[in-house]
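The structure appears below as structure tokens.
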Amino acid sequence: MSTAVFVAGSLGNKPRQAGEAWVKLSWVRGLASLGMDVRFVEELDPSVDERAASEWFSSVANRFGLRERATLLGGGRAIIGPSLEELMDHAPHAALVNISGHLTRPELFRAFRRRVMVDIDPGFTQFWYTKGLPGANVEGHDAYFTIGELIGTRDCPIPTGTIEWRPMRQPVVLDDWPPMGTGEPERFTTIASWRGPFGPVEHGGTTYGLKVHEFRRFLELPRRCPYSFEVALDIDPADRRDLENLRVQGWEVVDPREVAGDPGALRGYVQGSDAEFSAAQGMYVKTGCGWFSDRTTRYLASGRPALVQDTGFSRLLPVGDGVVAFTTLDEAVAGAADIADRYAEHCVAARRLAEEHFDAARVLARFSEQADIG
């Protein structure tokens, strides 16, 4: 009999955010590729428009063959998919993979034979939990994993308390992201939220910031490089001064709804790019937690090299070919030039990195063994 697993996470809660959808799809499709019986479950936040959430949830579930295996819960009932009663029948025989501690409905949460939390917001989760703030949703799990691979090590200031956070990598299903041919390296792109869903965190007299605080350090990059730099940017109108500065410095800014409002569109945008450039959340940079972007894994799998800000991952991954890490503007300029000069070599190395370090078949097989859900 195959292992039964429920993956829980936000999908309908984030309409037209294809990047978030691909995160959950990577888990569902990756675990299914290991022969597991996988279902998806989500709780709708009351503040989210139910119609928009339902339409998005249904479109993604149907597109990826999950129509009968995905449930959107809201108001004590199943809005879409198998009923709550059916979920309760299956839960005692299944393990719960709870991404970001998403599933909190008490009777369903407690019903699973084993509950595993997967933290994809390293630093935020641990600081919130330490402060006793709502939203961490850490309690009650049997095992804990984080993509902040250096959490718990001597040089990472993120508190762990009594929790043993096990490191893991972001999984990418390689068949979903086939490598593309090489051409001329002219266009670096990324998809980003200027501020993201979380505010800065203060701990022990230190403030850990957001992506905006890091990205501002690299605004001059297009003026110092003979390449195009483009960002599909979710930015609030209140940040119009930042938007003006980006354009003045030579950044091409496009609407993320146009290029990342659908799973297929996002894949096309990534694979139609020549390389990625991205800064990271200030939280990840300042704590040196080793976070690595799920978005970047998709560039790599597509044979697209990545020029990305170091969060400590250079201690864990072979960098310099396929992935070029930087900490300063000068290093970013030099990294872009190196990618351009050795483009074909970097493209091959990018795919190889995805195969060796982020392949869902490898990553989730190891995760399943460590989490004892097999």
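Coordinate-derived values only; no laboratory data. Just so you know, these numbers come straight off a predicted model, no measurement behind them. No Cβ is skipped: glycine too gets one built from the backbone with ideal geometry, and neighbour counts run over all protein chains shown.
See the values below:
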| read-out | value |
| --- | --- |
| Rh by Kirkwood over Cα pairs, then Stokes-Einstein D for the stretch 29-69 at 0.890 mPa s and 25 °C, µm²/s | 213 µm²/s |
| Rg to Rh, two decimals, where the chain supplies the alpha carbon set and Rh follows Kirkwood | 0.95 |
| Built amide H within the under 5 Å cut-off of residue 79, gap 5+ | 72, 73, 74 |
| Packing-based order for 238-244, 61-67, 285-291, using average beta carbon neighbours within 10 Å, highest first | 285-291, 61-67, 238-244 |
| Degrees separating the helix 50-63 axis from the principal Cα axis of the chain, which is the longest one | 80 degrees |
| Mean Cβ neighbour count within 10 Å, used as a protection proxy, ranking 184-190, 205-211 highest first | 184-190, 205-211 |
| Convex hull volume of the stretch 129-214 per residue (C-alpha atoms, cubic angstrom) | 186 Å³ |
| Proxy reagent accessibility, fewest Cβ within 10 Å first, across 79, 147 | 79, 147 |
| Positive-end residue, the stretch 44-124 charge dipole about Cα centroid, Cβ charges, pick of 109, 62, 78 | 109 |
| The chain: antiparallel DSSP beta bridges as a percent of all, rounded to 5 | 10 percent |
| Fraction of antiparallel bridges per DSSP, the stretch 174-357 only, in percent to nearest 5 | 15 percent |
| Sequence-distant residues sharing a close amide H with residue 234 (under 5 Å, placed H) | 192, 193, 194 |
| Å³ per residue enclosed by the Cα convex hull of the stretch 293-374 | 86 Å³ |
| Backbone HN-Hα couplings from phi across the stretch 179-191 [Karplus 6.51/-1.76/1.60, Hz, Gly and Pro as x] | x, 9, x, 8, x, 9, x, 10, 9, 8, 9, 6, 10 |
| Table column - 3J(HN,Hα) (Hz), the stretch 279-291, Karplus curve with 6.51, -1.76, 1.60, x for Gly and Pro | 8, 10, 4, x, 4, 6, 5, 6, 8, x, 7, x, 3 |
| Dmax and Rg, reported as Rg then Dmax, of the stretch 174-357 (C-alpha, Å) | 15.6, 49 |
| Interchain or long-range residues, amide H under 5 Å from residue 37's placed H | 3, 4, 5 |
| For the stretch 76-91, 3J(HN,Hα) per residue [Karplus equation, 6.51 cos²θ - 1.76 cosθ + 1.60, θ = phi - 60°, Hz, x = Gly/Pro] | x, 9, 8, 6, 9, x, x, 5, 4, 4, 5, 4, 5, 5, 7, 4 |
| Over the stretch 242-281 - Rg/Rh using Cα atoms and the Kirkwood inverse-distance radius | 1.02 |
| Formal net charge of residues neighbouring residue 165 (Cβ-Cβ distance under 13 Å; K, R +1; D, E -1) | -3 |
| Three principal axis lengths of the stretch 6-99 [C-alpha, angstrom, descending] | 34, 28, 21 |
| Whole-number percent relative contact order across the chain, with pairs defined as alpha carbons under 8 Å at least 6 apart | 17 percent |
| For 50, 85, order by how many other beta-carbon atoms lie within 10 Å, fewest first | 85, 50 |
